[in-house]
Structures are given as structure tokens and as C-alpha cells.
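Visitor: Supplied in C-alpha cells, the structure appears directly below.
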Amino acid sequence: MKTLATLIALLISNFFLQAQKEDKGVPITVTVENIKSSEGEILFGLYDQNTFMKTAPIKSKSSKVINGTTQITFTDIPKGIYAISCFHDMNGNHKMDLESNGIPKERYGISNNIKSYGPPQWNDAKFEVEAENLNIKINLRN
């Protein structure tokens with residue numbers, strides 16, 4: 001009887017541990033490999049549909065460039081639809097510098113690596129977060 005009680009206690013505790021693990025969300029690891037300069041840093045933003053290209057990201061991170069590459073991880077991301085953008089902040093002013101016509105002066109990238117003219121679109125950049133860890137590679141473009 002004691003063994004049965006211990007087994008039931010272990011099963012219940014395992015259930016609660018799994019429930020807590022799901023509530024936390026999953027990590028999204030983002031890697032950028034084609035960085036031409038080690039100056040400045042790469043700034044990353046994680047967006048949902050309501051914030052994409054409109055307001056500040058729901059989460060942000062920055063990372064130094066080492067040997068032409070950088071990597072960050074957004075942790076505890078709940079299930080949902082998201083997009084990621086990043087840019088190489090060469091001068092450390094924490095904003096994307098633009099030409100007078102609106103074209104970026106600094107290299108940037110977007111999830112799904114869609115190359116289009118004009119600003120990135122939500123439908124091109126979005127991806128789904130489910131129960132598995134995500135690894136995303138973003139290529140910077142001019």
C-alpha cells in the first residue's frame with residue numbers, strides 16, 4: 001500500500017511539473033551568420049501581429065558580433081504567432097538609421113528571410129510557436 005501511495009504521489013508531481021513546463025512557453029533561438037562587421041551590435045525584436053512594424057517589440061534582445069555571427073534566445077514564449085526582426089546597429093544609437101527616402105542605412109533581417117521591396121509584411125514574416133523549441137536563422141540584407 002505504501003508503494004502504491006508513493007507511485008500515485010510521483011505521478012501527480014510529474015503531472016504538475018509538466019503543467020508548469022507548458023505554461024512557461026518555449027525558447028526561440030535566433031542565429032545571424034552573414035555579418036560583415038564586428039562593429040556595433042545586432043538588435044532583435046520579437047513581435048505579435050498587433051506590434052509588428054507599429055510599436056516596440058513584445059521582447060527585445062541585443063548581441064555582440066563574434067567572427068561574423070551572433071545568437072540570442074528569447075525564453076518562455078507562449079504558443080502563438082510571432083515574427084522577428086533584427087538590424088545591425090553599427091553606430092550604437094539603438095535605432096535603425098534611414099536614408100531620407102526611408103531606405104535603411106544599416107543591414108537588417110526578418111524571420112523567414114523574405115526578400116521584397118518595401119517594408120516587411122506580417123504574412124511574410126510570421127511563424128508559429130507550438131510546444132517545440134525553435135531555431136531560426138536570419139540573413140541580413142542591405
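Visitor: For a quick check of your reading of the filter: which GluC sites (Glu not before Pro) in the stretch 59-142 sit in a DSSP loop and have no more than 13 other Cβ atoms within 10 Å?
Guide: Within the stretch 59-142, the qualifying GluC sites (Glu not before Pro) (loop, at most 13 other Cβ atoms within 10 Å) are 99, 130, 132.
Visitor: Any idea what the alpha-carbon Rg over 2.2 N^0.38 Å comes to for the stretch 103-142?
Guide: For the stretch 103-142, the normalised Cα radius of gyration comes out at 1.31.
Visitor: Continuing with the same structure: Indicate the gyration tensor shape class of the stretch 25-138 (rounded, prolate or oblate), computed on the Cα atoms with a ≥ b ≥ c the square roots of the eigenvalues: a/c under 1.5 is rounded; otherwise a/b larger than b/c is prolate and the rest oblate.
Guide: oblate
Visitor: Relative contact order for the stretch 25-138: what is it in percent, counting Cα pairs under 8 Å that are at least 6 residues apart?
Guide: Once normalised by length, the contact order is 35 percent.
Visitor: To continue, here is another question. Looking at this model, which pairs from 79/105; 95/115; 24/105 are more than 28 angstrom apart at the alpha-carbon?
Guide: From 79/105; 95/115; 24/105, over 28 Å: 79/105; 24/105.
Visitor: Once you have a ≥ b ≥ c as the square roots of the Cα gyration tensor eigenvalues for the stretch 61-125, tell me rounded if a/c is under 1.5, and otherwise prolate or oblate according to whether a/b is larger than b/c.
Guide: In terms of gyration-tensor shape, oblate.
Visitor: Moving to a separate point now. Excluding same-chain residues fewer than 8 positions from residue 61, which aspartates and glutamates have a Cα within less than 12 Å of its Cα?
Guide: Partners found: 41.
Visitor: Magnitude of the Cβ-charge dipole of the stretch 25-138, K/R +1 and D/E -1, about the Cα centre, nearest 20 debye?
Guide: 100 debye
Read-outs throughout are calculated quantities, based only on the coordinates presented, and are distinct from any laboratory measurement. What you see is a predicted model; the values in this text were computed from it and never measured. When we count neighbours, we look across all protein chains shown, and the Cβ atoms used for this are built from the backbone with ideal geometry, even at glycine.
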